[in-house]
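Since every read-out is calculated from the coordinates, none of them should be taken as a lab result. Because the structure is a prediction, the values reported are computed rather than measured. Glycine gets a Cβ as well: all are built from the backbone with ideal geometry, and neighbour counts include every protein chain shown.
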Amino acid sequence: MNTPTQKIALVTGAGSGIGRAVARALLEDGWTVVLAGRRPEPLQALVDEAAAAGRTALAVPTDVTRPESVQALFDTVESRFGRLDVLFNNAGVNAPAVPMDELPLETWFKVVDTNITGVFLCARAAFGLMRRQSPQGGRIINNGSISATTPRPFTAPYTASKHAVSGITKSLALDGRAYNIVASQIDIGNALTELSERMQRGVLQADGRTAAEPMMDAAHVASAVRYVAGLPLSANVLNMTVMASHMPFVGRG
């Protein structure tokens, strides 16, 4: 069980990219971090890295699209630590940028299952644990996107899913008031990861051009999350946009 000074965080999609950067940042700040993701190998590598630095991490392979897998994850958190202070609800997928009528329906369902249902399932389980635990309350931080505000060309599945995340965030912020549960959304633009590296070589623009875009280090996203995570529950950042300064977003289209 946790001691009063132990801070427990859970990061989904922790095996790579933004999730890995955030997990490392929280570990550096003294959090005990539960690492969730589909692939056990990168999760265990992070556990070993944390242990070598005298920090505590726990790997729990999880598929956020499966309710039973999410329930097993949160059962593990509760049985091992007795509480959860912060969830970084990060796991997500994208889809190829193709005209809507050329998009396979299986791709639509994959994006919806991961980016909407997966986010909801994890938020739901975190809400329940934070409501039951003593002291009551906690913080849920959802990984949004600038696409939650403005789409790119041919990105209907991803854009729709991130608009839904905004709705989930606002609902959590409202419904959590009675239980000292707060919710935030970090909208990210052009953080450099394994998946986004291709954007440096060219991305379809609203005017039909293909152009390389400026990127930022994912460590800046981690800094934003660690700031929000460290706030007392009496204060919150409901929405934050962290983006490469010169990327085409303001005035896009």
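One table, with the values for the structure above:
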item: Farthest positive-ward along the chain dipole, Cα basis, beta-carbon charges - from A218, L27, S184; result: S184
item: Angle in degrees between helix 40-52 and the longest Cα principal axis of the chain, rounded to the nearest 10; result: 50
item: Paramagnetic label zone (point 7 Å from Cα along Cα-to-C-beta, A219; backbone N under 19 Å) in the stretch 183-212; result: 189-197
item: Residue list for the stretch 133-165, given a label point 7 angstrom along the Cα-to-Cβ vector of L204 and an amide N cut-off under 16 Å; result: 151-160
item: Cα-based shape type of the stretch 8-243, given that a ≥ b ≥ c are square roots of the gyration tensor eigenvalues and the cut on a/c is 1.5; result: prolate
item: Test item: Cα-centred dipole of the stretch 154-253, Lys/Arg +1 and Asp/Glu -1 on Cβ, debye; result: 160
item: Sorted by Cβ neighbour density within 10 Å, fewest at the top, the residues M240, M130, M100; result: M100, M240, M130
item: Spin-label pair Q71/R39, simplified geometry with 7 Å Cα→Cβ offset, distance in nm; result: 2.9
item: Whole-Hz ³J(HN,Hα) from phi, Karplus 6.51 cos²θ - 1.76 cosθ + 1.60, for the stretch 179-184, glycine and proline x; result: 10, 6, 9, 10, 9, 9
item: Relative contact order (%) - the chain, alpha-carbon pairs under 8 angstrom, separation at least six; result: 18
item: The stretch 54-183, relative contact order in percent, only Cα pairs under 8 angstrom and at least six apart counted; result: 28
item: Folded to 0 to 90 degrees: helix 218-229 orientation relative to the chain principal axis, Cα; result: 40
item: Dipole magnitude of the chain, debye to nearest 20 (Cβ charges: Lys/Arg +1, Asp/Glu -1, about Cα centre); result: 520
item: 222 nm mean residue ellipticity, helices alone, for the chain (DSSP H n ≥ 4; -39,500 (n - 2.57); rounded to 500); result: -12000 deg cm²/dmol
item: Mean separation of Cα contacts under 8 Å (6+ apart) over length of the stretch 139-253, as relative contact order %; result: 31
item: On Cα atoms only, tilt of 67-81 relative to the major axis of the chain in degrees; result: 40
item: Global geometry of the stretch 27-81, whether rounded, prolate or oblate, following the gyration tensor of its Cα atoms and the 1.5 cut on a/c; result: oblate
item: Extension gain (nm, one decimal) between V98 and A52, 0.36 nm per residue minus Cα-Cα; result: 12.1 nm
item: Gyration tensor (alpha-carbon) shape descriptor, the stretch 86-223, a/c threshold 1.5; result: prolate
